[in-house]
Amino acid sequence: MSNPPRPINVFADTLQRVRAAARGILPEGTDLSCVQVEPPRDAGHGDIATNAAMVLAKDVRQNPRELAQAIAAQLRTDSTVASAEIAGPGFINLTLKPEVWAQELRQAVMAGGDYGRSDIGGGTQVNVEYVSANPTGPMHVGHGRGAVFGDALARLLAFTGFEVTREYYVNDAGAQVDQFARSAYLRYREALGEHIGAIPEGLYPGEYLKPVGELIAKTFGDKLKSSQEVERLSVVRAIALEEMMVSIRDDLAALGVSQDRFFYERTLIFQEELGANSIDFVGQTIDWLRDRGFVYEGRLPPPKGAPIEDWEDREQTLFRSTAFGDDVDRPLKKSDGSYTYFASDIAYHRSKIERGFRTLIDVWGADHGGYIKRMQAAVAALSDRKAELDVKLVQLVKLLRAGEPVKMSKRAGEFVTLREVVDEVGRDAVRFMMLFRKNDAALDFDLAKVVEQSRDNPVFYVQYGHARGQSVFRNAREVFPDLPADHRKLLEIANLQLLADPAELALMRRIALYPRVVEAAAAAHEPHRIAFYLFDLASEFHALWTHGTATPHLRFIIQNDRELTLARLVLVQGVVTVLASGLALLGVGAPHEMR
């Protein structure tokens, strides 16, 4: 079910007015879809800029500046427009009347937590797959960044009218899982009192497997030691993987991350322990593609730049990914006849398509960049080009403490775990800072910096903005005890025309940007835009507060002017409303007080 439409935002309303002005002077049927409005880079150039004349001039064979003059003349007759000026070769800069921004502030306060919500998704089903860390060890901060990004993106898409399924792909098959089972078996022997010595190279050395070994020993005693390797590894693998997934779910919960579905790779491949009715879905998918001409037996040339001795010239089963934009066709089976990871991934994405998804978003680590083209080719083949796969790469996180690298963890053996970081600095700091950088940019995460109470710490600065807004209301009630508790009641008695100072108007314009930012962030699959916007909004709010300390008549609370105080409290409520909404989209708390 899609969300109800929200009241039209000032930017969307102005776009309609600009298109109407152009439509009134251009030939009937002129395509106006390319006409856009946006805030000008320089606030001195007005409130809203439009490219209307620039993008329409060629089609109607007019000089852009002359066309801009004609459109601007139409716009000047509009009751919402204070001025329309021409800039450069034909851009139009509009200044709107103050009451327009006051009305938008009113809408924001009235809508509350629904301000910025939209139905642009129209109920479209979207599958967002994120985290998908191998269940062979605890999660590290790199996994945490992917988890936070995927979760925030899912929240953002749901807020804008998409029907979102949050998914985790559990890689519980393959050689690395067998090595994991052997590692857990060593810890089982250790729990029985054996001295196992140093963990052999290639196995998992972290101490996190000690409790798993103890659990297996408590459950089976020494019975597994006398069983065949295939049999005991099957038992150990199942227990160890389940215990690791419990740990991973617990770590994700500490970060405020959840999934709707955990899809296990093992279910794609026939295994005796899955039951007699199981099918080899990977093989079935290969046959399905072969029937359509997308799989064949052939040979590949040696990869460019690779040593010739590392390449095996043999006939193999290949996916014709070059037919869908990839650089080379891709193998589906290894020399021993087992499936490649790519083959399993194709089958997995086929399952998504069969479940009805046509919009797929995968959140991957930065080291998977070379894998994107082949996976997009597979999705195109599987869906007859009707499904779209957007892969978002999440770059590495460098963990620091006061500028110095942090590398080791006793529990994990080789890295600091995500849970250790969350326990030290808190969920909010981890989530906000993971999102205060575009996902494909490297991130330095300083454990000391993210808990500082200063402007240099973005999460503190934004949360402090919300807390400061709440403190304004507490202080105002001390001066005016009869202030209504309901902000809607406050709106009924406040005269917003009193908000006329340039700084107040600028803050109203910033609030009005929120719905536009939300929709743009959802369309681009870029939740970091919300974090950037919140920092800018908090900065303007803090600046106005500071300005009021030096200029008493600009303070939010004027003891001898109740009417002006009421208007400014509505402005503060607008800031508080948007900060709370944006922080919720990021999965970050909006505190009423900073402790």
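The values are calculated or read from the model by the stated rules, or taken from the named source; none is laboratory data. Predicted model only: the values in this text are computed from it and were never measured. Using ideal geometry, Cβ is built from the backbone for each residue, glycine included, and neighbour counts are taken over all protein chains shown.
Please pick out the residue among Leu571, Leu579 that is buried (at least 23 other Cβ atoms within 10 Å of the Cβ) and within 25 Å of the chain's Cα centre (by Cα).
Working: Leu571 fails: within 25 Å of the chain's Cα centre (by Cα).
Answer to the selection: Leu579.
Test Val212 against the stated conditions and say whether it is within 31 Å of the chain's Cα centre (by Cα) and either without any contact (Cβ under 8 Å) to a residue 40 or more places away in the chain or on the phi < 0 side of the Ramachandran plot (or both). Break it down into steps so the answer makes sense when it comes.
Numbers: within 31 Å of the chain's Cα centre (by Cα): no; either without any contact (Cβ under 8 Å) to a residue 40 or more places away in the chain or on the phi < 0 side of the Ramachandran plot (or both): yes.
Answer is no for this residue.
Look at Tyr348 and say whether it is modelled with pLDDT under 95 and surrounded by 14 or more Cβ atoms within 10 Å (Cβ to Cβ).
Numbers: modelled with pLDDT under 95: no; surrounded by 14 or more Cβ atoms within 10 Å (Cβ to Cβ): yes.
When the stated conditions are applied, Tyr348 does not pass them.
Test Val451 against the criterion of being over 17 Å from Val109 (Cβ atoms) and in contact with an Asp or Glu (Cβ under 9 Å, 6 or more places away or on another chain), and give yes or no.
Numbers: over 17 Å from Val109 (Cβ atoms): yes; in contact with an Asp or Glu (Cβ under 9 Å, 6 or more places away or on another chain): yes.
The answer is yes for Val451.
Can Gly465 be described as modelled with pLDDT of 95 or more, touching a helix residue (DSSP H, G or I) at 6+ places or on another chain (Cβ under 6 Å), small (Gly, Ala, Ser) and under 25 Å from Ala531 (Cβ atoms)? Explain how you work it out, then say what you get.
Values: modelled with pLDDT of 95 or more: yes; touching a helix residue (DSSP H, G or I) at 6+ places or on another chain (Cβ under 6 Å): yes; small (Gly, Ala, Ser): yes; under 25 Å from Ala531 (Cβ atoms): yes.
Yes, satisfied.
Could you list all residues from the stretch 482-504 that are touching a helix residue (DSSP H, G or I) at 6+ places or on another chain (Cβ under 8 Å), surrounded by fewer than 17 Cβ atoms within 10 Å (Cβ to Cβ) and within 22 Å of Ala538 (Cβ to Cβ)?
Of everything in the stretch 482-504, those that are touching a helix residue (DSSP H, G or I) at 6+ places or on another chain (Cβ under 8 Å), surrounded by fewer than 17 Cβ atoms within 10 Å (Cβ to Cβ) and within 22 Å of Ala538 (Cβ to Cβ) turn out to be Asp501, Ala503.
Which of the numbered conditions does Gly161 fail, given that it passes all the others? Conditions: (1) assigned to a helix (DSSP H, G or I); (2) in contact with a Gly (Cβ under 7 Å, 6 or more places away or on another chain); (3) farther than 26 Å from Ala429 by Cβ.
(1)
Scanning the stretch 367-384 for residues that are surrounded by fewer than 15 Cβ atoms within 10 Å (Cβ to Cβ) and touching a residue at least 24 places away in the same chain (Cβ under 8 Å), which turns out farthest from Phe281 (Cα to Cα)?
Here is the first cut: in the stretch 367-384, the ones surrounded by fewer than 15 Cβ atoms within 10 Å (Cβ to Cβ) are 367-370, 384.
From the residues that got through so far, the ones that are touching a residue at least 24 places away in the same chain (Cβ under 8 Å) too are 368-369.
On the way: His368: 24, Gly369: 26 Å.
It comes out as Gly369.
Go through the stretch 231-264 residue by residue and tally those that are among the β-branched types (Val, Ile, Thr) and buried (at least 22 other Cβ atoms within 10 Å of the Cβ). I'd like the intermediate steps shown before the answer.
Keep residues of the stretch 231-264 that are among the β-branched types (Val, Ile, Thr), which gives 235-236, 239, 246, 248, 257.
When the remaining residues are screened for being buried (at least 22 other Cβ atoms within 10 Å of the Cβ), the result is 236, 248, 257.
Result for the stretch 231-264: 3.
Kindly provide the set of residues from the stretch 309-360 that are aliphatic (A, V, I, L, M) and within 30 Å of the chain's Cα centre (by Cα), ordered by number.
Of the residues in the stretch 309-360, the ones aliphatic (A, V, I, L, M) are 318, 323, 328, 332, 343, 346-347, 353, 360.
Ala343, Ile346, Ala347, Ile353, Leu360 - these are the residues of the stretch 309-360 that are aliphatic (A, V, I, L, M) and within 30 Å of the chain's Cα centre (by Cα).
For the condition buried (at least 17 other Cβ atoms within 10 Å of the Cβ) and either aliphatic (A, V, I, L, M) or on the phi > 0 side of the Ramachandran plot (or both), what is the one hit in Ala43, Ala87, Ala72? Lay out the reasoning, then the answer.
On the way: Ala43 fails: buried (at least 17 other Cβ atoms within 10 Å of the Cβ); Ala87 fails: buried (at least 17 other Cβ atoms within 10 Å of the Cβ).
Testing whether each residue is buried (at least 17 other Cβ atoms within 10 Å of the Cβ) and either aliphatic (A, V, I, L, M) or on the phi > 0 side of the Ramachandran plot (or both) leaves just Ala72.
Sort through Phe432, Phe415 and tell me the only one that's surrounded by 14 or more Cβ atoms within 10 Å (Cβ to Cβ) and touching a His at 6+ places or on another chain (Cβ under 7 Å). Don't jump to the end; show me each part of the working.
Numbers: Phe432 fails: touching a His at 6+ places or on another chain (Cβ under 7 Å).
Of Phe432, Phe415, the one residue that is surrounded by 14 or more Cβ atoms within 10 Å (Cβ to Cβ) and touching a His at 6+ places or on another chain (Cβ under 7 Å) is Phe415.
Restricting attention to the stretch 46-69, report how many residues are assigned to a loop (DSSP other than H, G, I, E, B), out of contact with any helix residue (DSSP H, G or I) (no Cβ under 8 Å at 6 or more places or on another chain) and either aromatic (Phe, Trp, Tyr) or surrounded by fewer than 14 Cβ atoms within 10 Å (Cβ to Cβ) (or both).
1
Can you tell which of Tyr208, Tyr168 is closer than 25 Å to Gln395 by Cβ and either in contact with a Phe, Trp or Tyr (Cβ under 6 Å, 6 or more places away or on another chain) or surrounded by 19 or more Cβ atoms within 10 Å (Cβ to Cβ) (or both)? Explain how you work it out, then say what you get.
On the way: Tyr208 fails: closer than 25 Å to Gln395 by Cβ.
Every option except Tyr168 fails the conditions.
Check off (1) in contact with a Gly (Cβ under 8 Å, 6 or more places away or on another chain); (2) crowded, with 22+ Cβ neighbours inside 10 Å; (3) farther than 14 Å from Gly142 by Cβ for Val421 and give me the number that stays unchecked.
(3)
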